[in-house]
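Read through the structure below, which is laid out as structure tokens, and then see the notes.
FYI, it's all coordinate maths here, none of it is from the lab. Everything numeric here is computed off the predicted structure, so don't read it as measured data. Ideal geometry is used to build each Cβ from the backbone, glycine not excepted, and the neighbour counts take in all protein chains shown.
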């Protein structure tokens, strides 16, 4: 399994819980949570997402936006 595939699998599993704890992300992938969620957005908008259902993609993008964008950017 590629690192992108492992990250996407993790994101899908944790999407109902706001993406999972920052500490788990760091231990599993060795990057900060903002870097992880930026990477997930890149995967979802590229060709690496495979056959992920559109509803799941939308849920994941919402999680990524909540975890990456500052609150003021989300409000507008």
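Figure legend. Inter-residue proximity from the stretch 8-35: first residues more than 22 Å from residue 57 (Cβ to Cβ), second residues part of a helix (DSSP H, G or I), beta-carbon distance below 7 Å, spacing 6+ or different chains. Indicated pairs: 22/33; 32/26. For the stretch 33-58, residues that are assigned to a helix (DSSP H, G or I) and within 19 Å of residue 6 (Cβ to Cβ) total 18.
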